[in-house]
Amino acid sequence: MKRFAALVILGWAVFLGCQTAQALEIGQIPPKVELKEKLGGRLDGKPWSCEELQGKGHVLFYVDPDEKDTNNPASEALNKENFPADQFQSYAIINMAASWLPNFAISKALKEKQEQYPRTIYVRDFKQVLVKAWKIADDSSNVLAFDKSGKLIFRKDGKLSTEEIQKLIKAIRDHL
């Protein structure tokens, strides 16, 4: 019986180790994902692909609608930096499956946010595609930054501290 329990624990450890090993890490280009049709897409219905994360610096907020205000200080700080539009783009991808709120209500709120932050591209993820493909936190507010080649240069799952916001800004500035 002890041997069986040890094998089960070992099996779970290997399984969890494999899951962690596949998480998107600093210096990596993320696995290709595309949000279109039933999987999601931009507010106007057009598809979104992570291949867009090349050619300029990018920040991507991947957010549970119930955590929408968690990293507002980071959004505001980035907005104040006023990075050149030809060198920097921000995305807000909403994890629509993470909330009990109906999709139409979330979509309405996103349209209002789009007016507030016109330089940010808003995208809906209906099926937690990025959670699964990139192993980022579900039911959270995640902040990821990418350099011009699409490599991850900053990642935080959860609320950014003041120091982490400064690290995010520096990482982006250093890679523009």
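The values are calculated or read from the model by the stated rules, or taken from the named source; none is laboratory data. Quantities reported herein were computed from a predicted structural model and do not represent experimental measurements. Cβ: placed from backbone, ideal geometry, glycine included. Neighbour counts: every protein chain shown. Just so you know, the surface numbers come from the protein's heavy atoms only, side chains and all, with ligands and any DNA or RNA stripped out. Shrake-Rupley method; radii C 1.70, N 1.55, O 1.52, S 1.80 Å.
Among the residues of segment 97-131, those that are touching a residue at least 12 places away in the same chain (Cβ under 8 Å) and charged (D, E, K, R) comprise K111, K113, R119, R124, D125, K127. May I ask you to list the residues in segment 45-62 that are surrounded by fewer than 18 Cβ atoms within 10 Å (Cβ to Cβ), in contact with a Ser or Thr (Cβ under 8 Å, 6 or more places away or on another chain) and outside any loop (DSSP other than H, G, I, E, B)? Hits for segment 45-62: nothing passes. In segment 63-96, the residue that is farthest from C50 (Cα to Cα) out of those that are of a type in the set (G, A, S) and surrounded by fewer than 18 Cβ atoms within 10 Å (Cβ to Cβ) is A77.
Scanning segment 112-125 for residues being closer than 22 Å to P47 by Cβ and either among the small types (G, A, S) or open to solvent by 60 Å² or more (accessible area, probe 1.4 Å) (or both) gives a total of 2.
Residue-wise test of (1) assigned to a helix (DSSP H, G or I); (2) crowded, with 18+ Cβ neighbours inside 10 Å; (3) out of contact with any Ser or Thr (no Cβ under 8 Å at 6 or more places or on another chain); (4) at pLDDT 95 or above.
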| position | (1), (2), (3), (4) |
| --- | --- |
| A105 | yes, no, yes, no |
| L110 | yes, yes, yes, no |
| R155 | no, yes, yes, yes |
| K159 | no, no, no, yes |
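Quick grid of which residues meet (1) closer than 23 Å to Q28 by Cα; (2) touching a Phe, Trp or Tyr at 6+ places or on another chain (Cβ under 8 Å):
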residue	(1), (2)
E51	yes, no
K56	yes, yes
V59	yes, yes
N72	no, no
E76	no, no
P84	no, no
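Give me the residue from segment 132-152 that is surrounded by fewer than 20 Cβ atoms within 10 Å (Cβ to Cβ) and in contact (Cβ under 8 Å) with a residue 24 or more places away in the chain and, out of that set, nearest to Q28 (Cα to Cα). Per the criteria, the residue is K151. Residues in segment 161-176 that are among the acidic types (D, E) and either closer than 16 Å to H58 by Cβ or open to solvent by less than 60 Å² (accessible area, probe 1.4 Å) (or both): E164, D174.
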